[in-house]
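Contents: one structure, followed by commentary.
The values are calculated or read from the model by the stated rules, or taken from the named source; none is laboratory data. Note that the structure is predicted; figures quoted are calculated from it, not measured. Counting neighbours? That spans all protein chains shown, and the Cβs are built from the backbone with ideal geometry, glycine included. Accessible surface areas use protein heavy atoms only, side chains included; no ligands, DNA or RNA. Shrake-Rupley method; radii C 1.70, N 1.55, O 1.52, S 1.80 Å.
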Amino acid sequence: MSDHLDKTRNDRRDFEKGKLEEIREKDPMKLFHSFYQDAHENSCADPHAMVLSTVSADGQPSARVVYMRELLEEGFIFYTNYLSKKGSHIEGNKKVSSLFYWDCIERQVRVEGTVEKVDDQISEDYFASRPRISQIGAWASEQSSEIDSRASLEERVAFFEEKYPDVVPRPPHWGGYLIVPHYFEFWQGRLGRLHDRICFQKEGDDWKIFRISP
Ligand SMILES: Cc1cc2nc3c(=O)[nH]c(=O)nc-3n(C[C@H](O)[C@H](O)[C@H](O)COP(=O)(O)O)c2cc1C
């Protein structure tokens, strides 16, 4: 076996900031909302950042961070380039997983669901609210495709800066996806690795709620 590159692997950490014992909430989106508010109130860094996992046509999972931008009763909206790697995965497989981890409150929420493009108007409104530099970036970046150099990206930025001196229209390949969840797991770290894990599984119009072993 080769040498370990990192000697911090044996660092121990205890989780002791909370518990999930009695769950009265029957709607997982409402429970998610209260977790999310706790993350805000406790000043967690980037509480709306989530790891989004997609799966390629040949079954290869791939994960990356995106921002959850809107929290609706039916799910979570994020915005991206529809022609990116994640976009092409979603084109072939609508099943995704997303994961929120809020270290400051020792909680994670795992979400599994299917994804759909949001109405163009929703994407239009959100795009219009973005800073100009991000709007230009959405045109300049052919997200996930190979490029020659940083300079060629910056040339494209300059090109679109000149092309759109005033209002920047939304690129047709840029917009939102709505994740519609059918499974949630709410996780609270506990002492001795005896964590709380409460799951919600969609069954018809209802949610089956159960606890699983840490
Ligand atoms: C904190 C953070 C937030 C991000 N938010 C987004 C986002 O909202 N949308 C997006 O397309 N990429 C976002 N990214 C970049 C993605 O992680 C990723 O690099 C990009 O979407 C390309 O992914 P893909 O090649 O798998 O499609 C974010 C990255 C970080 C670290």
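Assorted remarks:
- When +1 charges are put on Lys and Arg Cβ atoms and -1 charges on Asp and Glu Cβ atoms, the dipole computed for the chain relative to its Cα centre reaches about 680 debye.
- Taking label points 7 Å from Cα along the Cα-to-Cβ direction, SER43 and GLU155 give a separation of 4.6 nm.
- Annotation: per residue accessible area for region 1-108 equals 64 Å², rounded to a whole number [probe 1.4 Å, protein chains only].
- Within region 90-170, GluC sites (Glu not before Pro) in DSSP loop having at most 16 other beta-carbon neighbours inside 10 Å: GLU142, GLU146
- The chain - percent of accessible surface contributed by carbon and sulfur, probe 1.4 Å: 49
- Computed with the Debye formula from one identical point scatterer per Cα of region 85-214, without solvent, the log10 of I(q)/I(0) at q = 0.10, 0.18, 0.19 Å⁻¹ comes to -0.53, -1.04, -1.09.
- A dipole drawn for the chain from +1 and -1 charges on Cβ atoms has a positive end, and of LEU191, TRP139, ALA63 the residue lying farthest that way is LEU191.
- Theoretical FRET efficiency, 1/(1+(r/R0)^6), r = Cβ-Cβ of GLU16 and LYS95, R0 30 Å, to 0.05: 0.30
- Here the scattering of region 1-91 is modelled by Debye summation over its C-alpha atoms, one equal scatterer each and no solvent; at q = 0.13, 0.19, 0.20, 0.24 Å⁻¹ the log10 of I(q)/I(0) is -0.74, -1.06, -1.09, -1.20.
- By the Cβ distance rule (another cysteine Cβ under 4.7 Å), the unpaired cysteines of the chain are CYS199.
- Within region 1-152, the proportion of C-alpha pairs whose separation exceeds 23 Å stands at 53%.
- 27 Å Cα-Cα threshold exceeded, pairs from LYS30/LYS85; LYS17/LYS86; LYS95/LYS208; LYS17/LYS85; LYS94/LYS163: LYS30/LYS85; LYS17/LYS86; LYS17/LYS85; LYS94/LYS163
- Folded to 0 to 90 degrees: helix 120-129 orientation relative to the chain principal axis, Cα: 80
- Cα gyration tensor shape for region 47-124, rounded if a/c is under 1.5, else prolate or oblate: oblate
- Residue-normalised accessible area of region 118-214, expressed per residue, 1.4 Å probe, Å²: 59
- Distance from the Cα centroid of region 167-214 to that of region 1-69 is 10 Å (rounded to whole angstrom).
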